[in-house]
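Written below as structure tokens is the structure these notes are about.
The values are calculated or read from the model by the stated rules, or taken from the named source; none is laboratory data. Since this is a predicted model, take the numbers as computed values, not measurements. Cβ placement follows ideal geometry from the backbone for every residue including glycine, while neighbour counts extend to all protein chains displayed. To get the accessible areas, we keep the full protein, side chains included, count just its heavy atoms, and leave off ligands, DNA and RNA. Shrake-Rupley method; radii C 1.70, N 1.55, O 1.52, S 1.80 Å.
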Amino acid sequence: MGKTICSFFSFLTEAVILWQYASGLFAAKHTAKKKFIILCGLYFILFAASLFESKLVNIALYFLFNFVFLVTQYCLNTYSAFFHSSILASVMILCEVMVYYIIRYFSPHFFERGENFHFLVIFAIFSKLMFFTIIYIILHFLKGLQNRDERQDKSAFLLALIPVTSVFVMITFTKISDSCDLSPVLNRMLTLSAVFLLAINLLIFGIEQYNRKKSLDFTEMQLLLQRESDSARYYEMLLSQHENQSILIHDIKKHLQSINTLNDKMEHDKIREYIQGLMQSSDLKEVSRLCDHEMLNAILARYGRGCLDAHIAFHADIRSGIIDFIADADITSLFCNLLDNAMEAAGHSPDSFIEISVCKREKTPFIIITMINSSKENPFDEPGGRLATTKSNKHKHGFGIKSIQKIVTRYHGNMQMYYNQESLTFHTVITLKQ
């Protein structure tokens with residue numbers, strides 16, 4: 001019975017270490033709930049197989065199930081999954097052998113106690129603590145290789161001191177157990193202390209990963225807000241340019257009078273310079289008129305030119321005076337993120353197009369923003385699942401959708417997104433309350 005409990009505890013710890021290792025290195029394909037169910041199912045089978053006490057079968061299944069979990073639940077090719085499964089299996093075997101010889105060296109009589117539950121637990125926790133220590137170091141080494149261009153956080157290496165010192169504590173526990181004839185109460189206290197020591201190590205590592213992810217998300221969100229702020233200033237500059245153009249057109253009569261004066265004096269060179277100066281003025285650049293809202297018109301004009309360059313058909317139907325209640329900064333964030341996502345999807349599609357319309361639902365305070373864009377592939381991971389991304393760094397995506405959702409919430413609205421497989425189009429429908 002004691003051996004079965006120790007085996008169950010060992011597989012539980014290995015499953016937690018696998019989860020943390022994979023989550024620290026790879027982008028997930030599926031939700032955390034699905035990953036948890038798959039991991040529990042695989043390791044339950046592994047635990048059941050271990051009851052037959054065949055070490056070769058256990059090792060083979062351990063490697064196989066880790067491989068299956070990595071290749072099905074993470075964005076990982078077959079060769080990489082094979083490589084990382086080999087690392088986990090090799091380190092696990094190495095740690096059990098290392099712990100066996102360490103205990104034999106410091107406590108020669110430790111294994112003479114037979115299958116005493118206390119000694120089985122000490123050995124299991126010691127080996128898994130060693131396993132966790134080495135995997136933690138490997139994890140941060142591999143993360144360093146993945147992010148060579150990013151500044152490394154040195155505190156991660158300081159955290160490695162915790163599992164290293166825990167290994168020394170476990171050596172002390174085994175020495176005490178071997179050298180002293182402890183009472184049953186002290187044996188249980190020592191066993192619980194070893195369990196708590198391993199749990200603390202795993203918990204600290206989990207919290208560190210969680211805080212790191214939250215810090216990264218916060219940084220990315222700050223960068224997104226900064227980009228949206230810069231975009232708002234850019235469109236304000238376009239509005240200023242449009243105003244300058246209007247002033248120039250208003251003053252064109254004066255320019256013609258000046259040209260006429262130069263013509264009367266037969267100063268053709270000066271006339272040519274004067275006309276070229278006017279033609280090269282940024283105030284004379286054409287500004288498209290797609291709607292009557294100045295900020296949104298500047299945004300649509302910019303993305304319209306981008307679609308033209310990318311050979312994407314672009315059509316906008318914005319009804320007059322219905323989005324005046326939305327702040328300019330929110331209009332920038334909302335429509336820029338919508339159009340960024342639409343252009344990214346449509347850019348990979350033949351005969352691509354983007355259609356956007358904004359209208360008011362009659363006799364209600366609600367406006368409806370509808371966007372339809374080409375998309376040759378379903379952007380959802382699964383029906384009703386998360387939106388996938390085509391970005392090379394899978395970790396750094398989703399902030400545009402979060403920004404859109406934040407604005408939708410601010411204006412007491414809702415957002416629906418769905419994919420039409422027949423027409424190969426992606427639809428976004430947003431309702432905002434005036």
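Extension gain for HIS427 to ARG305 (0.36 nm times residue separation, less C-alpha to C-alpha distance): 41.7 nm.
In the complete set of protein chains, residue-level accessible area for HIS109 is approximately 100 Å², probe 1.4 angstrom.
Ranking of LEU61, LEU198 by solvent-accessible surface, largest first: LEU61, LEU198 (1.4 Å probe, protein heavy atoms only, all chains present). May I ask you to derive the FRET efficiency for ASP340 and CYS40 from their Cβ-Cβ distance with R0 = 41 Å, giving the value to the nearest 0.05? After rounding, the FRET efficiency stands at 0.60. Ranked by the mean number of other Cβ atoms within 10 Å of their residues, highest first, the peptides 95-101, 65-71 come out as 65-71, 95-101. Counting only protein heavy atoms and using a 1.4 Å probe, the accessible area of HIS140 comes to about 20 Å². Between their Cα atoms, which of LYS35/LYS214; LYS34/LYS128; LYS3/LYS35; LYS376/LYS406; LYS143/LYS175; LYS3/LYS175 are more than 32 Å away from each other? Pairs exceeding the cut-off: LYS143/LYS175. Rounded to the nearest 10 square angstrom, THR191 shows an accessible area of 20 square angstrom against a 1.4 Å probe.
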